[in-house]
Amino acid sequence: MKSPLLSLPGAVPAEGVDEGVAAHYGDLFREQRALADGTGFVDLSHRGVVTVTGEDRLSWLHLLLTQHVSELPAGQATEALILSAHGHIEHALYLVDDGETAWAHIEPGTQDALLAYLESMKFFYRVEVADRTADTAVVHLPAGSIAEVPQGVVVRETPYGRDLFLPRADLEAYAEKAGPPAGILAHEALRVEQHRPRVGFETDHRTIPHELGWIGTAVHLQKGCYRGQETVARVQNLGKPPRRLVFLHLDGSEVHLPTPGTELRVADEAPDGRKIGFITTSVRHHELGPVALALVKRNVPVDAPLMAGTTAAAQEVVVEP
């Protein structure tokens, strides 16, 4: 989905997974500061939107998701995961129910795979699932925003701001009223600052929820069975995850940021020393400078200085070892 807001002055298109919206509108740090101050908005209209309707929708979703949603109050935001049979993360759903429909936004381009799975699990439940990406655009308003929300628009309100499920046809008109636009890079910088993982960035084919700190926020430990629950329970009760998410402060004298996938090693080991992790997301923050999220082996000392390729990095604990 290519956003019409790419025609706004200064818009520079994003690349990769976030292709279709603006990376920035000419001033990355100004856009970050605006979001941090509670002004402006972020165009997330490239994200997938899926709905579930029908009287069994919440009880049915409760059987499939890692989150307790069978009695989810109307208007209350939550997030949930879908795991593989082995407990590896496949999808993250950012959910809200409006009393008649459960709405979720998901990673761009993943809606077909998600819908295929949901359709395969309907059986005799009174539910209907739909891909609403073509007619619904996600718009993010930062925490503290006083921007008006159009009447009838479904809102998902979190400590980090509000996600609006806006009719796609109204996107341009809403942008004119919502304040200065901020690109996806500004949104990502604040996400990294807040230590919030993202599927496809902080995850690979073997990531489990414990590694990213999703236990409690997206995984409910006192609910019934769902696919992958055995792995979650086993790690929670009997062991530790093999890796853990860390926040890195990177050497600010480097011109280039280490790219995702850059290998990490302990700084006092040889340049060809053992790999102990890798960068997942790296950004330039308007106050913190160059920072990153990374996955490292659980047993790496929390005070060990690291090297991301040739860039020095100091770690901050996100998930306890």
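The values are calculated or read from the model by the stated rules, or taken from the named source; none is laboratory data. This structure is a prediction, so every number in the text was calculated from the model and none was measured. Because the Cβ atoms are built from the backbone with ideal geometry, glycine has one as well, and the counts that use them run over all protein chains shown. Surface accessibility is based on the protein's heavy atoms, side chains included, excluding ligands, DNA and RNA. Shrake-Rupley method; radii C 1.70, N 1.55, O 1.52, S 1.80 Å.
Considering only protein heavy atoms and a 1.4 Å probe, what is the carbon-and-sulfur percentage of the accessible area of the stretch 175-321? Taking all protein chains in place, the stretch 175-321 shows 52 percent carbon and sulfur surface. Using a Gaussian network model of the chain in which every pair of alpha carbons under 10 angstrom is joined by a spring, one finds that among A169, A218, A34 the greatest mean-square fluctuation is at A169.
Ligands, DNA and RNA left out, the 1.4 Å accessible surface of the stretch 32-153 is 51% carbon and sulfur atoms. Evaluated over the chain, the count of Lys pairs having alpha-carbon atoms less than 30 Å apart is 7 (only pairs 8 or more residues apart or interchain).
In this Cβ point-charge picture (+1 for Lys and Arg, -1 for Asp and Glu), the chain has a dipole of about 800 debye about its Cα centre.
The relative contact order of the chain comes to 19 percent, based on Cα pairs under 8 Å that sit 6 or more residues apart. Per residue, the chain exposes 45 Å² of accessible surface when a 1.4 Å probe is rolled over the protein heavy atoms with every protein chain present.
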